Amino acid sequence: MWTTPSAPGSPAPHREWANPYPNRLAHETSLHPRRHARNAVDWWPWSDAAFEEARRRGVPVLLSVGYWWQ
């Protein structure tokens, strides 16, 4: 399902994939990670388990750094 989020002050809306099945970020306490809980990417929160899984699978860790202010 495609959605077009509208952010206040945004010059133009963008299309974003809205996954109907939330990933591991759905239960985070911070707003920024929760906003990505329905991305098509299977994001993991920063944790030992995330790094252990990457080591086990032999894959790199993709780090997404974001910020939120009001």
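The values are calculated or read from the model by the stated rules, or taken from the named source; none is laboratory data. Note that the coordinates shown come from a computational prediction; the quantities given were computed from them, not determined experimentally. Here the Cβ is made from the backbone with ideal geometry for all residues, glycine too, and neighbour counts use every protein chain on show.
Tabulated data for the structure shown
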{"item": "Extreme residue, modelled with the highest pLDDT, among residues of region 20-36 that are part of a loop (DSSP other than H, G, I, E, B) and within 17 Å of Val65 (Cβ to Cβ)", "result": "Glu28"}
{"item": "Residue count, region 41-70 (criterion: out of contact with any helix residue (DSSP H, G or I) (no Cβ under 7 Å at 6 or more places or on another chain) and surrounded by 12 or more Cβ atoms within 10 Å (Cβ to Cβ))", "result": "5"}
